Amino acid sequence: MEESIQNKIEEWKVVRSTIVEFDHILSNVRSLDITAIIVILGFAFQYSGFVFILVSALNFCLLLLEIHYHKYLNEIAYYAIDQRILKV
């Protein structure tokens, strides 16, 4: 019994560290998005069409990444509830 509880705690620590790392990556990607917006403002007159498409594609990819991230967090939370690691 004690070993099972310890295994669940260790498993939850791994899951939590994964979530924290993914959140850090997402934060870095958002910084990149801000940089891309600055670029589109800076080159709006010369390369507006190309940069607009590029930034739009980047924003779409970020949206898909955030949707995937929130689905992943929900799956982890449901798993933790099912395993009785997290109490609601």
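Examine region 4-18 for a residue that is at pLDDT below 70, surrounded by fewer than 13 Cβ atoms within 10 Å (Cβ to Cβ), polar (S, T, N, Q) and in a helix (DSSP H, G or I), and state whether such a residue exists.
The answer is no; no qualifying residue exists.
Please go through region 57-83 and pick out each residue that is polar (S, T, N, Q) and exposed (fewer than 12 other Cβ atoms within 10 Å of the Cβ).
Correct list: Asn74, Gln83.
Of (1) surrounded by 10 or more Cβ atoms within 10 Å (Cβ to Cβ); (2) under 24 Å from the mean Cα position of the chain (by Cα); (3) at pLDDT below 70, Val88 satisfies all except one. Which?
Here Val88 clears every test but (1).
The values are calculated or read from the model by the stated rules, or taken from the named source; none is laboratory data. These numbers come from a predicted model, not from an experiment. Here the Cβ is made from the backbone with ideal geometry for all residues, glycine too, and neighbour counts use every protein chain on show.
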